[in-house]
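*Asks:* First, the structure itself, so that you have it in front of you.
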Amino acid sequence: MTVTDTVAVAPPRRLQWMTARITGVIDETPRVRTLALDVPDWPGHKAGQHVDVRLTAEDGYQAQRSYSLASAPGSARLELTIEMLPDGEVSSYLAGEARVGDTFEMRGPIGGYFVWSDALDGPLFLVGGGSGIVPLMAMLRQRAASASRTPATLLYSSRTLSDIIYRDELDRLAADGSDLTVVHTLTREKPAGWSGQTRRIDRAMLEQAAFPPSASPRIFICGPTSLVESVARGLRDLGHATQRIKTERFGPSGK
């Protein structure tokens with residue numbers, strides 16, 4: 001008789017609602033805020049994951065939305081960056097009314113597909129549109145925190161100069177000598193003296209900014225559905241392997 005050794009596999013951790021207390025508020029742009037949070041039972045996360053946020057009104061009405069984590073794994077504080085959307089039930093509170101000391105319910109982290117760590121091979125190519133920069137910023141912060149020398153490029157599309165989220169921090173990261181290139185493009189207004197791109201991301205821009213397919217870059221794309229689909233298609237047309245391209249998209253429902 002043959003005996004086969006088996007290894008017990010722990011069941012997936014069941015997500016529990018936790019209490020998050022706001023410890024800091026940063027106004028990133030006129031419509032975007034970052035909330036620093038204290039979550040005592042937080043189990044840790046990976047760069048690129050997200051959480052569910054639930055708000056409960058005095059009459060018992062509840063609203064729930066998902067938001068990407070902005071902070072690097074192991075950071076001293078947990079951060080969410082929220083864009084206020086028109087008529088957004090949750091975003092209007094988080095990005096507008098919330099104050100230090102306020103609390104709300106949160107559960108996570110969620111997601112294992114759209115994640116990056118410096119243990120992965122290949123250079124890193126990130127493409128973001130608007131608040132789609134948030135999970136990509138978690139990856140860049142993780143890269144900086146681990147002192148990774150992985151070559152990286154961020155191609156970031158914003159409406160106007162004032163809509164660029166994390167602008168100062170991105171400038172600092174690009175200047176730290178760690179082989180990070182940040183390419184901005186503005187789709188609505190070109191300020192005086194602007195030397196960056198001034199159109200929507202297209203194939204020519206991707207060909208110029210991206211690593212060559214022969215380098216087998218890890219590619220992460222996040223933003224509005226139309227941008228994500230267009231960029232992913234353009235990169236595939238340029239010869240990048242589909243399995244190296246990971247996407248995350250958001251739409252009007254993410255309020």
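We did not get these values from a lab; they are worked out from the coordinates using the rules stated. Worth saying up front: this structure is predicted, and the values here are computed from it rather than measured. Positions of Cβ are generated from backbone atoms using ideal geometry, with glycine treated the same way; all protein chains shown enter the neighbour counts.
*Asks:* Would you please put 242-250, 53-61 in order of how densely packed they are, using the mean number of other Cβ atoms within 10 angstrom per residue and starting with the highest?
*Replies:* 242-250, 53-61
*Asks:* Further question: Which of rounded, prolate or oblate describes region 11-121 when judged by the alpha-carbon gyration tensor and an a/c cut-off of 1.5?
*Replies:* Because a/c hits 1.5 or more and a/b exceeds b/c, region 11-121 counts as prolate.
*Asks:* Now a separate question. Around L161, under 12 Å between beta carbons, what's the net of Lys plus Arg minus Asp minus Glu among the other residues?
*Replies:* Every neighbour counted, the sum reads +2.
*Asks:* Would you work out which of G101, F211, G44 lies farthest towards the positive end of the dipole of the chain? Charges go on Cβ: Lys and Arg +1, Asp and Glu -1.
*Replies:* Projecting each Cα onto the dipole axis, the largest value belongs to F211.
*Asks:* Which value, in debye to the nearest 20, describes the size of the charge dipole of region 124-250 about its Cα centre when Lys and Arg Cβ atoms bear +1, Asp and Glu Cβ atoms bear -1, and nothing else is charged?
*Replies:* Charge dipole of region 124-250: 260 debye, to the nearest 20.
*Asks:* For region 174-205 and region 18-72, compute the distance between their C-alpha centroids and round to whole Å.
*Replies:* One Cα centre to the other: 29 Å.
*Asks:* I want to check the label-to-label distance for D176 and A63. Put each point 7 Å from Cα in the C-beta direction and report it in nm to one decimal.
*Replies:* According to this spin-label approximation, the distance is 3.6 nm.
*Asks:* Restricting the count to DSSP beta bridges whose residues both fall in the chain, what percent are antiparallel, rounded to a multiple of 5?
*Replies:* Antiparallel bridges: around 55 percent, rounded to the nearest 5.
*Asks:* Under 5 Å between amide H atoms, partner at least 5 residues away or on a different chain: which partners does K246 have, H built in plane at 1.01 Å?
*Replies:* Correct list: I219, F220, I221.
*Asks:* I've got another one for you. Between beta-carbons, use under 10 Å as the cut-off and find the net charge around I26, counting Lys and Arg +1, Asp and Glu -1.
*Replies:* -2
*Asks:* Place a point 7 Å from the Cα of E169 along the Cα-to-Cβ direction; which residues of region 130-149 have their backbone N under 15 Å from it?
*Replies:* 131-146, by backbone N distance to the label point.
*Asks:* I've got another one for you. Would you mind calculating the gained length between E189 and E105 on full extension (0.36 nm times residue separation, minus the Cα-Cα distance), in nm to one decimal?
*Replies:* Between E189 and E105, full extension yields an extra 26.4 nm.
*Asks:* Another question, if that's okay. Through the Karplus equation 6.51 cos²θ - 1.76 cosθ + 1.60, θ set to phi - 60°, convert the phi angles of region 108-114 into ³J(HN,Hα) values in whole Hz; use x for Gly and Pro.
*Replies:* x, x, 10, x, x, 8, 8
*Asks:* With all pairs of different alpha carbon atoms counted, what Kirkwood hydrodynamic radius in Å does the chain show?
*Replies:* This gives a value of 19.3 Å.
*Asks:* Then there's this: Calculate the dipole size of the chain relative to its Cα centre from +1 charges on Lys and Arg beta carbons and -1 charges on Asp and Glu beta carbons; express the result in debye to the nearest 20.
*Replies:* 560
*Asks:* Scan around A47 for amide H atoms under 5 Å from its own, H built in the peptide plane at 1.01 Å from N, and keep only partners 5 or more places away or cross-chain.
*Replies:* HN-HN under 5 Å from A47: W116.
*Asks:* So, one more: Out of L238, G74, G128, whose Cα points farthest toward the positive end of the dipole of the chain (charges: +1 Lys, Arg; -1 Asp, Glu; placed on Cβ)?
*Replies:* The one lying farthest along the dipole's positive direction is L238.
*Asks:* Using each residue's phi in region 214-222, evaluate 6.51 cos²θ - 1.76 cosθ + 1.60 at θ = phi - 60° and report the 3J(HN,Hα) Karplus result to the nearest Hz, with x for Gly and Pro.
*Replies:* Karplus values, whole Hz, x for Gly and Pro: 5, 7, 6, x, 7, 10, 10, 10, 9.
*Asks:* Right, next: Please give me the summed charge of the neighbours of R141: other residues whose Cβ is under 10 Å from its Cβ, Lys and Arg +1, Asp and Glu -1.
*Replies:* Net local charge, R141 excluded: -1.
*Asks:* What 222 nm value per residue comes from the helices of the chain, counting each DSSP H run with n ≥ 4 as -39,500 (n - 2.57) and dividing by all residues, nearest 500 deg cm²/dmol?
*Replies:* -5000 deg cm²/dmol
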